[in-house]
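Worksheet: the structure to be examined is printed underneath.
The values are calculated or read from the model by the stated rules, or taken from the named source; none is laboratory data. These figures come from a predicted structure and were not determined experimentally. For neighbour counting, all protein chains shown are included, and Cβ atoms are generated from backbone atoms with ideal geometry for every residue, glycine included. Areas reflect the complete protein model, heavy atoms only, side chains present, ligands, DNA and RNA absent. Shrake-Rupley method; radii C 1.70, N 1.55, O 1.52, S 1.80 Å.
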Amino acid sequence: APEISLYSHTDSLYVLSSLKGKVVLLNFWATWCGPCRMEIPDFNSLYNKYNQSGLEILGVSISDSKKQLIDFAKTYGIKYPLLYGSNKEIDLISSKYGGIPAVPWSILIGLDGTILRVYPGAILKEYDPEMFNDLVYNIESQLKLKN
């Protein structure tokens, strides 16, 4: 997977290559995106369930400022890191990943740093159980390899 280096709304620097050995769900999203907001409870559940075992969820905002993300995270109770950058940084990351045609757009990265799956659109347990179950299956399969 192409390198990403962005700050979170809590001022931590996240460098994708330093997360090798973890399963990473990169979720490209925006605060103004309705389906993106709908994913948050399911992503919080996944994060709570699998973070200790080696799952990292990184919400990469395509258009929001740090202040917007801080306020949004408080309002929505988001448990996982929300990353942001300048328009130039986000455009560069998007192009490295072949372009992000719409949000939400999620990319699952395996323990070895390779892209396992791309999930276009919202991953919603209730509305698209097949896609959600596919995500859970791929996360659990990777985490089993780790243990």
Spot the failing condition for GLY21; the list is (1) of a type outside the set (A, V, I, L, M); (2) in a helix (DSSP H, G or I); (3) open to solvent by less than 50 Å² (accessible area, probe 1.4 Å), and only one is missed.
(2)
Which ones in region 79-122 are of a type in the set (Ser, Thr, Tyr), in contact (Cβ under 8 Å) with a residue 24 or more places away in the chain, open to solvent by less than 40 Å² (accessible area, probe 1.4 Å) and in a strand (DSSP E or B)?
SER106
Here the residues within region 31-69 that are open to solvent by 50 Å² or more (accessible area, probe 1.4 Å), farther than 21 Å from LEU19 by Cα and in a helix (DSSP H, G or I) are PRO35, ARG37, MET38, PRO41, LYS66, LYS67, GLN68
Please determine, by comparing only the residues of region 11-55 that are touching a Pro at 6+ places or on another chain (Cβ under 7 Å) and not small (Gly, Ala, Ser), which one is farthest from LEU143 (Cα to Cα).
CYS33
Suppose the filter is in contact with a Gly (Cβ under 8 Å, 6 or more places away or on another chain), over 29 Å from TYR137 (Cβ atoms) and not β-branched (Val, Ile, Thr); does TYR84 pass it?
no
What is the one condition in (1) on the phi > 0 side of the Ramachandran plot; (2) within 16 Å of the chain's Cα centre (by Cα) that LEU111 does not satisfy?
(1)
